[in-house]
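Single-structure report; data block below.
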Amino acid sequence: MAGSGELSGKAAIVTGATRGIGRAVAVSLAAAGAAVLLTGRTPGDGEAAAAAIRALGGRARFLAADQGSDADWTRTMEEVQDAFGRLDILVANAGISKPAAIAGLALEDFRALNRINLKGCFLGVKHAAAALRRHGEGGSIVLMSSIVGKVGVAGHAHYAAAKGGVRLLAKAAALELGPEKIRVNSLHPGMIRTAMTAAYDERLLAPSIPLGRFGTPDEIAAAALFLASPRSRFMTGAELVVDGGWIAQ
């Protein structure tokens, strides 16, 4: 699998890796030499993604797991140790979005979104930190937030609350884990061409983006690779925005 090899000997977990941004991140880390455990809730897509990486010469395994489940995080850590013997990188990418005005937002829908988007990242940090301590060499945790975690968007109050929480979770965790050489950063995509944004008309929204278009999963994967790799070794508690300039306005 052609790549830089800068992550050779490292092992990574990517959640929500069955398609879109998560799959692109898994491919990017594998191309850089990491062994990758992909997790997600659609086994067919996940097995296909892992098989595609292996077909290119990379090391990958898929585990059906729910980012919002503590028990599934325990299984995920057991699986990465069994498959690759260690953990060096976590990209907590899994997330859901269901637009709704506050007045019509059911409490159960608020809780369901936060269970995956915020609670899931908290559990990922907690379990990954314990796994990284096992070898004592530090590592990198990347939490997938959003530009909506930095600015408000009407109709997305629950999503903004969750992604804003992820942003500050990364900062607090960075302070706690920094002395152990465990880096924690948040990544903030803008409008990216995925199934989650398929309902949005790029032609109508592109004029609001200085670079004039939606981004691609590969462009977010490149940023995730940077945060996961030694190239960002002096970065922790940072917010990396990849949005074509949208929130610079």
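The values are calculated or read from the model by the stated rules, or taken from the named source; none is laboratory data. Everything numeric here is computed off the predicted structure, so don't read it as measured data. Using ideal geometry, Cβ is built from the backbone for each residue, glycine included, and neighbour counts are taken over all protein chains shown.
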Residue by residue through the stretch 231-249, note down the ones that are in a helix (DSSP H, G or I) and more than 17 Å from the chain's Cα centre (by Cα). Arg231, Trp246, Ile247, Ala248
Single unsatisfied condition, Thr74 versus (1) part of a strand (DSSP E or B); (2) surrounded by fewer than 18 Cβ atoms within 10 Å (Cβ to Cβ); (3) among the hydroxyl-bearing types (Ser, Thr, Tyr): (1)
Out of all the residues in the stretch 148-163, which are touching a helix residue (DSSP H, G or I) at 6+ places or on another chain (Cβ under 6 Å) and within 15 Å of Phe110 (Cα to Cα)? His156, Ala157, His158, Tyr159, Ala160, Ala162, Lys163
Please work out which residue is nearest to Thr42 (Cα to Cα), limiting yourself to the stretch 71-120 and to residues that are at pLDDT 95 or above and hydroxyl-bearing (Ser, Thr, Tyr). Thr76
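Would you tally the residues in the stretch 16-34 being under 12 Å from Ile89 (Cβ atoms) and buried (at least 24 other Cβ atoms within 10 Å of the Cβ)? Explain how you work it out, then say what you get.
First, pick out the residues of the stretch 16-34 that are under 12 Å from Ile89 (Cβ atoms): 25-26, 28-30, 32-34.
Retained after the next criterion (residues that are buried (at least 24 other Cβ atoms within 10 Å of the Cβ)): 25-26, 28-30, 34.
The number of residues fulfilling the criteria is 6.
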Would you be able to say whether some residue in the stretch 43-63 is within 17 Å of the chain's Cα centre (by Cα), buried (at least 16 other Cβ atoms within 10 Å of the Cβ) and assigned to a loop (DSSP other than H, G, I, E, B)? no
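Conditions (1) more than 19 Å from His135 (Cβ to Cβ); (2) of a type outside the set (D, E, K, R); (3) out of contact with any helix residue (DSSP H, G or I) (no Cβ under 9 Å at 6 or more places or on another chain), marked per residue:
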position	(1), (2), (3)
Ala24	yes, yes, no
Leu37	no, yes, no
Gly44	yes, yes, yes
Ala49	yes, yes, no
Ile53	yes, yes, no
Leu56	yes, yes, no
Gln67	yes, yes, no
Ala71	yes, yes, yes
Arg75	yes, no, yes
Note on the stretch 88-124: residues touching a strand residue (DSSP E or B) at 6+ places or on another chain (Cβ under 6 Å) and either in a helix (DSSP H, G or I) or under 19 Å from Leu169 (Cβ atoms) (or both) are Ile89, Leu90, Val91, Ala92, Asn93, Cys121, Gly124
